[in-house]
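The numbers here are math on the coordinates, done by the rules we state, and not lab data. On a predicted model such as this, the values are computed, not experimentally measured, just so you know. Every residue, glycine among them, receives a Cβ derived from its backbone with ideal geometry; neighbour counts consider all protein chains shown.
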Amino acid sequence: MINNRRGMENYRTIFEQLIAHVEHEVIEFKTAENQFDTNKLGKYLSALSNEANLRDVDFAWILMGVNNNRQVVGTQFLMDDTKRQLLKHDIAANTTGGLTFREIAPVEIDGKRILMFKIPAASRNIVTKWKGIAYGRSGESLEPLSQDKYDEIRHQRPLDDWSAHVVEGATIKDDLDELAIAKARIMFKKVYDKNPSEMIDEWTNEEFLRHSGVLNNGKLTRAALLLLGKPTMAYKLAPSVPQITWTLVNEEGRKIDYKHFTIPFILTVDEVLGKIRNLTMREMPGGTLFPDKLMQYDDFIIREVLHNAIAHQDYTLCQRINFIEAPDYLYYSNAGTFFPGTIENALDTLKQQKFYRNECLCKGMVSFNMIDTVSSGIQTIFYKQKERHFPMPDYEINENVPEVNVKIYGRVINERYVDLLKRDASLSLKECIWLDAIQKKRPVTDDALKILKSKKLIEWHKPNYIISQAVAEKTRQVPAYTKKRGLDKNKLLNMLQQVIEDAGDTGIMLNEIYEYMEVTLSSDKTVEAKKKTLTYLLSGLKAKGVIYTSGRKWKSANR
């Protein structure tokens, strides 16, 4: 709210500049004399925010109470400051990262009230969406953001690398952990094994760190402290929280134990993973499906996901990395958007990551053999779960929330699905991921459904898909398949006719018909959906004159 003369004058000056501005893509004029649709306002925020990013300006504007000829007509919209604040809250609830108007300023121009909506430009490489859809401008038209503009924003390099900043006053002797440096040297030799080991041993610590990429003009960076710093030096990274929290929960999700771990992360990872109770499958229910020595979690997988969380954490958000251990899964959570955009992009070998949020930190982690440089880690995680016949990892990515959550399963969800993976080696990784999503009742794309249906791996109609009869036969689950699918239409019609005819002159109520027919309908359907199916079938029989209604009862026309 602008509640002082100086602020009002500043906005008048801005208004005069905007009126004279010739570029329409970052300014929108709206009459809105009394009202304006919130949904449309959200679309404009998305479009103008994205266009401001593309034109390298800090803010875009909506001027309400001004017509397209740039004449001030005035507006009575949002007269109350409380309503303006509520609107900002409502907009934030539906945009990427909670983006909303920086200010909604009522300003008097020539004796008439206007509203000036100040819209921040989309963050670099992050597209602003409204209710999951990105909008843009084409001249004065509002439309979904074109693919070329979308790609241009997504491929922008971040302006600042938080991890490359120098930690003023920090020294190798006082701030770095000797054991951490010793381990880093060992790992460095594995990565750069063409370099003579004796040569690396002769490097001073400063020379070693320079070759590892964690020095900036000869000074220690935040990346160096994160990976190699003494635990007591973590405060030098404030207000960021260089911490990993391990939490143990039971089947009900109740916390049983927890522990916080801090730097140096090159040593911390082993301490965190040492807390995991990685059982062999013979110690777990259903373990007879697996070889005796198969562990609940693959060591590479659980280490790789944690390394990725460290490498790609947005430390400017001042959050810790969370690592939850449940009886049958591990759950990782780190702050920051998912740079590839989607898990499909991360798995696509043709779409390698061009840059990272923490370039300096990633260079150090590559040098210390913690991550690779070709973005193959996530692909390997999926392939390893496939080889182990375990459910695929769940990557929970929501552009509206700057957070990446990963769930690694340590127990089979559906043993028949395991049988399918074992029996059909021709299934591609993508097909396994799609089938995995269907067994978890998760959404998959229309293109994926077309492929699975064309290969006769699934059947039925969107959104209710089940494995096909062919797959059910291969995996010995025909009874379960029949139960999920339900009886075919002709059998259901015959049963309906029979039960109604058996009711005689007394007739039968709809709820009684449902009790009789319920087990014959698809087990995947809700009660409401089952009753809707019955009503549809009954209406068809009634239209043919086979049955009729008498009051609230159904009776057969054959009696």
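Here are a few things to note about the model shown:
- ³J(HN,Hα) computed for each position of region 377-384 - Karplus, 6.51 cos²θ - 1.76 cosθ + 1.60, integer Hz, glycine/proline x: x, 5, 4, 5, 4, 5, 5, 5
- Full-stretch length increase - N217, R55 - with 0.36 nm per residue and alpha-carbon distance subtracted: 55.0 nm
- Cross-linked pairs K255/K275; K131/K407; K30/K131; K430/K453: Cα-Cα separations exceed 20 Å for K131/K407; K30/K131.
- Region 14-20 - phi-based ³J(HN,Hα) in whole Hz, Karplus 6.51/-1.76/1.60, Gly and Pro as x: 4, 4, 4, 5, 5, 4, 7
- A full extension of the chain between K489 and K553 corresponds to an added length of 20.8 nm, given 0.36 nm per residue minus the alpha carbon distance.
- Going from the fewest other Cβ atoms within 10 Å to the most, the residues T549, T247, T221, T337 appear in the order T549, T247, T337, T221.
- Taking amide H atoms as placed 1.01 Å from N in the peptide plane, the amide H of A60 lies under 5 Å from those of I119, A121, each 5 or more residues away in sequence or on another chain.
- On full extension, the segment bounded by N250 and E16 gains 78.0 nm, given 0.36 nm per residue less the C-alpha separation.
- Under 5 Å from the amide H of E103 lie the amide H atoms of K118, each residue being 5 or more positions distant or on a separate chain, with H modelled from the backbone and absent for Pro and chain starts.
- Using R0 = 30 Å, the C-beta based FRET efficiency linking V499 and V401 works out to 0.05.
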